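Below is one structure, written out as structure tokens, with a few remarks after it.
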Amino acid sequence: MPVTLAMAGDTMLGRGVADVLAESADPARFFSADLRERLAEADLFVLNLECCISDRGYKWDAPGKPFHFRAPPEAADLLAQLGVGCVTLANNHALDYGPEALLDTREHLLRAGIRSVGAGADEAEARRPEVITVDGVRVGVLGVTDHPADFAASAVRPGVAYADLVTGVPPWLVAQVRRLRDRSDVVLVTPHWGPNMRDRPRAYIRSAARALTTAGATLVAGHSAHVFHGVAPPVLYDLGDFLDDYIVDARLRNDLGLLFLVTLDEHGPIRLRAVPIELRYCRTRLARDEDWRWIRDRFSAACTGLGSSSTEEDGLLVVEMR
């Protein structure tokens, strides 16, 4: 029986979003009703949580690190009410307030019934995937990031699942994907890769995607650029942003994005429907009119550049995955 997987990119619940959360964790404050209706179609919702959830810790002291994102414990309740089932913490903000806040994040998520991958109390935990059974389909989720190296977990230190993908996919990651393939029907690898504000994947990212699919990943969904990229089945190179308080780039339009709904079965992904969205200050809604058309045109061109194509269907952008 086919199931629907919702995927969203960088979700930042700190700073200005945290100020609103202090007043209310009601999803209606952050997401429009029509967007929440789209999310209700999903059997499993996975996103990249680009902040820690804690009221403890101290800012990570690293040269040149300008931003530190921390959300209050209520953020876990917001995600749970939104229907999030799993998040990846493998990114460059998981340790913004140190190991203590990272471990708090995992605990708050667990309390809210949300699984997490990509970070943990040590290297083994950070690299450990989750297998989530949805209507008989086993979905394996594995998170990894290629930056920053100083966030990497070790045998004795909390941190993230780090892999220097610029130099190639490391043997441990290939082995982890292969093992997960043996335990799952669908293997979702969700890498945080590449620099911010780039409108297409770099060559090393495309190479890493090929290595991951060769190893057994049946779906790869990346993030980090803050703008969405095209799709080359079974790879979604960048999911873009989902919720934040960021300054808008007038050319790249990081305030316009996509929510991805992927239909899949025990053999892997079948069809992708991308929902155009507009990110306002601490609030996300469905895109309309000129914004919708801008997203359509950019997504179509991005897919064409990767050798695939998209069509329109009932206000959504569709890519056949088989």
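The values are calculated or read from the model by the stated rules, or taken from the named source; none is laboratory data. The shown structure was predicted, so the numbers you read here are calculated from the model rather than taken from an experiment. Here Cβ is always computed from backbone atoms with ideal geometry, including for glycine, and neighbour counts include all displayed protein chains. Just the protein is used for accessible areas: all its heavy atoms, side chains included, with ligands, DNA and RNA removed. Shrake-Rupley method; radii C 1.70, N 1.55, O 1.52, S 1.80 Å.
Scan region 213-228 for residues that are in a loop (DSSP other than H, G, I, E, B), open to solvent by less than 10 Å² (accessible area, probe 1.4 Å) and either at pLDDT below 95 or not small (Gly, Ala, Ser) (or both) and jot them down.
Correct list: 227 only.
Residue 314 versus (1) buried (at least 18 other Cβ atoms within 10 Å of the Cβ); (2) over 19 Å from residue 9 (Cα atoms); (3) free of Cβ contacts under 8 Å to residues at least 60 places away in the same chain: which is the lone unmet condition?
(1)
Which of the residues belonging to region 232-255 are part of a strand (DSSP E or B) and surrounded by fewer than 22 Cβ atoms within 10 Å (Cβ to Cβ)?
232
Filtering region 123-137 down to residues that are without any contact (Cβ under 8 Å) to a residue 60 or more places away in the chain and more than 25 Å from residue 92 (Cβ to Cβ), which residue is least open to solvent (accessible area, probe 1.4 Å)?
So, considering only residues that are without any contact (Cβ under 8 Å) to a residue 60 or more places away in the chain and more than 25 Å from residue 92 (Cβ to Cβ), the one least open to solvent (accessible area, probe 1.4 Å) is 131.
Of all residues in region 98-122, how many are under 30 Å from residue 266 (Cα atoms), open to solvent by 20 Å² or more (accessible area, probe 1.4 Å), touching a residue at least 24 places away in the same chain (Cβ under 8 Å) and out of contact with any strand residue (DSSP E or B) (no Cβ under 7 Å at 6 or more places or on another chain)?
Number satisfying all stated conditions: 3.
Look at region 274-297 and say how many of its residues are touching a residue at least 24 places away in the same chain (Cβ under 8 Å), surrounded by fewer than 22 Cβ atoms within 10 Å (Cβ to Cβ) and closer than 23 Å to residue 232 by Cβ.
Looking only at that region, the number is 1.
In this structure, is residue 259 modelled with pLDDT of 95 or more, surrounded by 20 or more Cβ atoms within 10 Å (Cβ to Cβ) and within 17 Å of residue 320 (Cα to Cα)?
yes
Could you pull out the residue among 210, 198, 181 that is in contact (Cβ under 8 Å) with a residue 12 or more places away in the chain and not in a loop (DSSP other than H, G, I, E, B)?
181
I need a count of the residues in region 184-195 that are farther than 22 Å from residue 93 by Cα and part of a loop (DSSP other than H, G, I, E, B).
Matching residues across region 184-195 total 2.
Which numbered condition trips up residue 57, out of (1) out of contact with any His (no Cβ under 7 Å at 6 or more places or on another chain); (2) open to solvent by 50 Å² or more (accessible area, probe 1.4 Å); (3) over 30 Å from residue 179 (Cα atoms); (4) not in a helix (DSSP H, G or I)?
(2)
State which residue pairs qualify: first residue open to solvent by less than 50 Å² (accessible area, probe 1.4 Å) and inside region 62-78, second residue of a type in the set (Lys, Arg) in any location, beta carbons under 9 Å apart, and separation of 6 or more residues or different chains.
65/59; 68/15; 68/59; 69/15; 71/15; 73/111; 76/111; 78/29
So, in region 119-142, how many residues would count as being over 17 Å from residue 5 (Cβ atoms) and touching a helix residue (DSSP H, G or I) at 6+ places or on another chain (Cβ under 7 Å)?
Adding up the residues that qualify gives 4.
So is residue 8 open to solvent by less than 20 Å² (accessible area, probe 1.4 Å) and in contact with a strand residue (DSSP E or B) (Cβ under 8 Å, 6 or more places away or on another chain) or not?
It is true that residue 8 is open to solvent by less than 20 Å² (accessible area, probe 1.4 Å) and in contact with a strand residue (DSSP E or B) (Cβ under 8 Å, 6 or more places away or on another chain).
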